[in-house]
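Remarks on the structure that follows.
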Amino acid sequence: EEKKDVKLIVVTDGSKGYSKLKFKDIIKELRRDEQFEAASRLGIKDVTFLDYEDLNIPPPELLRESFLRIIRQYKPEIVITVDPTNRYESHPDHINVGRAVMQAVLFSNLQGVAEYVEALENPPLLALGATDNPNAVICLTEDEVFMKLEGIRAHISRFKESQVQYIFQIVRDLGKKYGCEYAETFHILSVSDLHMSI
């Protein structure tokens, strides 16, 4: 079990993502506290909040520079984001963030894009999670699944236990499909996959 240094970038303030009216006036602070708790349960110490308003994320061409700056600052081996290309993905924040992150990875080694931040020599790999088109499977241990579910449970304003159990069922079903006890899938892309190259 190899541990990696993980940086978590939280893009929105979560202000619209509450399930009960009683959370309305305290949702931003509550979501931030929940995110810190979830990160702690996952062993993540570095959490950055961009604080864009929930459901009001700028289009990718305006958001890309924020991610480009972060990628160049941290120089990650791999960047994980939501797959904006899923057939039925309708959440505008997921689509805009996913596209902007894809573009930031693509341009991370081009100095002419965002000249004021030094370009990377080697762009990171990109992993699209929650994808309907996986090309990589990660087998998970029972402890890893427990940690994942406990991280999700930290978001009490957002997730009911039935939703946590649904996620558990997904990782168990994926495990059966791919010959593991539990699994997660991703679509892994290199920079050369992100642009038509001839």
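The values are calculated or read from the model by the stated rules, or taken from the named source; none is laboratory data. Only a predicted model underlies this, so the values are computations on that prediction, with no experimental measurement involved. Backbone-built Cβ (ideal geometry, glycine too); neighbour counts: all protein chains shown.
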- Unique residue being touching a helix residue (DSSP H, G or I) at 6+ places or on another chain (Cβ under 6 Å) and within 30 Å of Leu55 (Cβ to Cβ) when the list is Gln169, Gln103, Gln165: Gln103
- Out of Thr81, Thr85, report the one residue that is outside any helix (DSSP H, G or I) and under 18 Å from Val6 (Cβ atoms). Thr81
- Query: Within the stretch 39-60, is even one residue modelled with pLDDT of 95 or more, more than 30 Å from Val113 (Cβ to Cβ) and touching a helix residue (DSSP H, G or I) at 6+ places or on another chain (Cβ under 7 Å)?
  - Reply: yes
- Search the stretch 6-58 for residues being on the phi > 0 side of the Ramachandran plot and in contact with a strand residue (DSSP E or B) (Cβ under 9 Å, 6 or more places away or on another chain), and hand back the single one that is surrounded by the most Cβ atoms within 10 Å (Cβ to Cβ). Asp51
- Would you check which residues across the stretch 1-41 are in a loop (DSSP other than H, G, I, E, B) and within 28 Å of Thr141 (Cα to Cα) and list them? Glu1, Glu2, Lys3, Lys4, Asp5, Val6
- Message: Going through Asn133, Asn122 one at a time, which residue ends up being over 15 Å from the mean Cα position of the chain (by Cα), modelled with pLDDT of 95 or more and under 23 Å from Val97 (Cβ atoms)?
- Response: Asn133
- If you go through Ile57, Ile44, the only one that is free of Cβ contacts under 8 Å to residues at least 60 places away in the same chain, over 21 Å from Gly151 (Cβ atoms) and part of a loop (DSSP other than H, G, I, E, B) is Ile57
- Could you tell me which of the residues Lys4, Lys20 is in contact with a Ser or Thr (Cβ under 8 Å, 6 or more places away or on another chain) and among the charged types (D, E, K, R)? Lys20
- Could you please give the count of residues in the stretch 97-129 that are part of a loop (DSSP other than H, G, I, E, B) and either buried (at least 16 other Cβ atoms within 10 Å of the Cβ) or not aliphatic (A, V, I, L, M) (or both)? 16
- Query: Does the stretch 102-110 contain at least one residue that is touching a residue at least 40 places away in the same chain (Cβ under 8 Å), over 30 Å from Lys28 (Cβ atoms) and of a type in the set (Phe, Trp, Tyr)?
  - Reply: yes
- Task: Return a yes/no flag: does the stretch 66-87 have any residue that is crowded, with 16+ Cβ neighbours inside 10 Å, touching a strand residue (DSSP E or B) at 6+ places or on another chain (Cβ under 9 Å) and charged (D, E, K, R).
- Result: yes
